[in-house]
Protein chains: 2
Amino acid sequence: MKRIAIIGGTGDLGLGLAARLARSYNVTIGSREETRALEAASRASALSGAALLGQENSVAARSSDIAILAVPDLPSDDLLGSLKPDLAGKLVISPIVPMAFRDGLFAPSLESGSAAEKVASVLGTRVAGAFHTVPAARLLEVDRELDYDVLVTAETKEVFAEASQVVASVSKLRPLYAGPLRNSRMVEGITPSLLNVGKLNKIRSPSIKIV
Amino acid sequence: MKRIAIIGGTGDLGLGLAARLARSYNVTIGSREETRALEAASRASALSGAALLGQENSVAARSSDIAILAVPDLPSDDLLGSLKPDLAGKLVISPIVPMAFRDGLFAPSLESGSAAEKVASVLGTRVAGAFHTVPAARLLEVDRELDYDVLVTAETKEVFAEASQVVASVSKLRPLYAGPLRNSRMVEGITPSLLNVGKLNKIRSPSIKIV
């Protein structure tokens with residue numbers, strides 16, 4: 001069974017992904033502080049019914065085959081750089097959406113480029129963008145069926161296929177290829193619109209389907 | 001019955017919208033050349049079973065209550081300027097998505113801002129962005145049910161409500177408010193991703209639903 005590390009996985013997205021993925025993978029929740037990682041792992045274990053580990057981020061990264069960066073915003077070059085040796089040669093999945101909240105609405109916060117490209121340029125390993133439009137609140141409802149589409153960016157079809165296995169292991173999520181990493185800006189840009197539409201039309205935890 | 005002018009409406013999007021809307025509105029197809037407008041009107045009439053008119057763009061605009069700019073790309077300031085007097089005080093709907101096609105994939109082509117904001121700034125009337133993700137090919141299949149969501153940008157809830165009536169008159173399209181016109185860049189940016197996903201995953205004429 002492959003090992004997945006959820007880096008910075010103590011928030012709702014990390015917990016939800018961890019609890020869902022623990023049904024198909026050996027999952028370790030990572031955090032800057034080991035005690036917080038252990039606490040989150042115990043919550044995720046209770047949610048999923050499978051046993052998860054909790055470790056400091058770099059320890060979790062080192063012992064993983066695949067890492068998901070469940071951090072709330074674009075990580076600093078320092079954090080990424082410190083993880084680089086531990087993630088070398090591994091698949092890294094970025095669900096990161098750099099966003100700002102202004103005048104009651106969400107908007108992309110990066111002037112140019114994307115989180116996935118930034119992550120790839122610093123880590124120098126195989127990176128896929130995915131999970132941007134999967135609501136954390138729905139992941140946490142571990143018995144709820146998630147009939148959503150997930151746009152995935154990756155430099156090659158092979159990396160897309162690797163990331164797709166992870167996506168498709170969660171409920172009914174359907175991975176769809178959205179092109180190379182340079183398309184990540186477009187894909188990451190869908191989330192703020194989705195959140196605005198949810199807020200303005202009273203749709204709780206909105207996600208998308210391509211029809 | 002309100003009168004809708006489909007400006008530059010001789011392409012597939014214009015024809016499809018015209019044929020669908022002619023069931024609830026008096027629709028005129030506009031074109032730079034009256035003969036092309038008449039030809040398109042006769043095709044749309046055959047499709048919809050309702051009688052449509054064909055007129056030169058400014059004549060169509062003048063006699064309308066609502067105009068839809070079914071042009072393939074951001075219109076020039078000259079074209080918009082020439083329509084300004086005829087569209088004063090009217091609702092103008094922009095389905096325009098400024099896009100480039102490079103290396104086999106679509107991407108937004110505007111450096112900043114959006115088509116809807118540009119249209120609003122030149123015309124100085126009530127503008128809504130809508131219909132960006134409704135495939136022309138599906139509109140043309142006039143008996144096909146269109147169970148899609150349509151994100152609508154508009155400066156106020158009142159203008160959103162006006163535009164929503166037009167959107168909701170087409171099959172099962174569901175208008176959703178996506179915020180003021182400054183959000184149009186995000187909304188217009190969804191279409192190139194959608195087209196890429198369609199192309200890369202062999203989904204014909206893709207559209208979206210918020211779930």
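The values are calculated or read from the model by the stated rules, or taken from the named source; none is laboratory data. These numbers were taken from a predicted model, which means no experiment stands behind them. Cβ placement follows ideal geometry from the backbone for every residue including glycine, while neighbour counts extend to all protein chains displayed. Each accessible area value is taken on the protein alone, full model and side chains, heavy atoms only, with ligands, DNA and RNA left out. Shrake-Rupley method; radii C 1.70, N 1.55, O 1.52, S 1.80 Å.
Computed quantities for the displayed model
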item	result
Accessible-area composition of segment A:36-181, carbon plus sulfur, in percent [1.4 Å probe]	52 percent
Segment B:24-84, relative contact order in percent, only Cα pairs under 8 angstrom and at least six apart counted	32 percent
Contact surface B-A: accessible area buried, both sides summed, square angstrom, 1.4 angstrom probe	2500 Å²
Across the identical copies, how the A:GLY89 labels are spaced - nm, sorted shortest first, 7 Å along Cα→Cβ	7.4
Inverse of mean 1/r across different Cα pairs in chain A, Kirkwood, Å	16.8 Å
Positions from segment A:181-199 whose accessible area shrinks by 50 Å² or more when the full protein complex is built, not the chain alone, probe 1.4 Å	A:ARG182, A:MET186, A:SER193, A:VAL197
Inverse of mean 1/r across different Cα pairs in the protein assembly as shown, Kirkwood, Å	22.6 Å
Calculated label separations, A:GLU34, copies of the chain, 7 Å along the beta-carbon direction, nm	8.5
Shortest-first nm distances, A:ALA161 label point to equivalent points in other copies (7 Å, Cα→Cβ)	5.5
Length-normalised contact order for chain B - Cα pairs under 8 Å, 6+ apart - percent	18 percent
Spacing of the two label points (7 Å from each Cα toward its C-beta) at B:SER109 and A:SER82, in nm	4.6 nm
Principal axis dimensions, segment A:106-166 - Cα atoms, whole angstrom, descending	37, 32, 17
